[in-house]
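Trainee: One structure, as structure tokens, below. Some questions next.
The values are calculated or read from the model by the stated rules, or taken from the named source; none is laboratory data. Computed from a prediction, not measured in an experiment: that's the story for all the values here. No Cβ is skipped: glycine too gets one built from the backbone with ideal geometry, and neighbour counts run over all protein chains shown. Just the protein is used for accessible areas: all its heavy atoms, side chains included, with ligands, DNA and RNA removed. Shrake-Rupley method; radii C 1.70, N 1.55, O 1.52, S 1.80 Å.
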Amino acid sequence: MATLIGNGKVVTLRYELHEGGPGGELLERMDVAHPLIFLFGNGKLLPAFEDQLRGLPDRASFDFTLPMEQAYGAYRQDQVLRLRQNLFCDRTGSVPPGMLRAGNQVRLTANDGRDHSGKVLRTDGDKVLVDFNHAMAGKPLYFSGAILNVRKATGDELARGHHFENDGVHG
């Protein structure tokens, strides 16, 4: 009897992620040599992604599209912020060379202690324009792939909230 995907299972799969549909831009690929392995139902993946996989058996194929609302949401202009360069200073009080180059990813810690990742769009004098939208915001996402393995999670995996590789290293 095939093991079905559900809460408390460790799932291994391969997939391709395209923007919009099968002919869209390839955004991500996880293959047999480097599959996605995760503990199902622990809240670390998009809920709509898990909903599409729930109940599938070992070795099943899948393809589905998540509308942007079920993926990373709409692109929000209010998440593009003009910030002072001094917010990017390191412990020495200076901005690391090359850090604020257009296209670079930066990470800032807000006053509440939460980290936020963004992409530098440009610098203008002592200001930096940073886009804090998720890289896939505003995009419908098309997934196609296959389930490579489904197994029951161990008690340790369930207690810690993530799977462990054969050598004991978590993923």
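Trainee: Per residue, how much accessible surface does the stretch 12-93 expose to a 1.4 Å probe? Answer in Å², no decimals.
Mentor: Using a 1.4 Å probe on heavy atoms only, each residue of the stretch 12-93 averages 62 Å².
Trainee: With +1 on the Cβ of every Lys and Arg and -1 on the Cβ of every Asp and Glu, and nothing else charged, how large is the dipole of the chain about its Cα centre, in debye rounded to the nearest 20?
Mentor: Taking the Cα centre of the chain as origin, the dipole is about 320 debye.
Trainee: Then there's this: Work out the FRET efficiency for S117 and M1 from their Cβ-Cβ distance, taking R0 = 25 Å, and round it to the nearest 0.05.
Mentor: Details: r = 43 Å, r/R0 = 1.71.
Calculated transfer efficiency: 0.05.
Trainee: May I pose another question? Among (i) 36, 20, 14; (ii) 24, 19, 14; (iii) 21, 20, 16, which one is semi-axes √(5λ) of the Cα gyration tensor in Å computed from these coordinates?
Mentor: (i)
Trainee: Considering the stretch 96-162, what Rg and Dmax in Å follow from its alpha-carbon atoms?
Mentor: My reading of the Cα-based Rg and Dmax gives 19.1, 56 Å.
Trainee: Which value at 222 nm does the chain reach when only helices count, each DSSP H run of 4 or more adding -39,500 (n - 2.57), with the total divided by all residues and rounded to the nearest 500 deg cm²/dmol?
Mentor: After summing the helix terms and dividing by the residues of the chain, the value is -2000 deg cm²/dmol.
Trainee: Sticking with this one: Springs between alpha-carbon atoms under 10 Å, Gaussian network over the chain: tell me which of A153, A33, A137 tops the mean-square fluctuations.
Mentor: Among A153, A33, A137, the largest mean-square fluctuation in the Gaussian network model of the chain belongs to A33.
Trainee: Mind grabbing the accessible area of E28 for me, 1.4 Å probe, Å², rounded to tens?
Mentor: 70 Å²
Trainee: Working with all protein chains in place, sort H134, H18 by solvent-accessible area computed with a 1.4 Å probe, largest first.
Mentor: H134, H18
Trainee: Going down the list K44/K127; K9/K119; K9/K44, which pairs span over 25 Å between their C-alpha atoms?
Mentor: Details: K44/K127 34 Å; K9/K119 35 Å; K9/K44 14 Å.
Result: K44/K127; K9/K119 exceed 25 Å.
Trainee: With a Förster radius of 25 Å, plug the Cβ-Cβ distance of Q105 and D156 into 1/(1 + (r/R0)^6) and report the FRET value to the nearest 0.05.
Mentor: Efficiency, from the Cβ-Cβ distance: 0.15.
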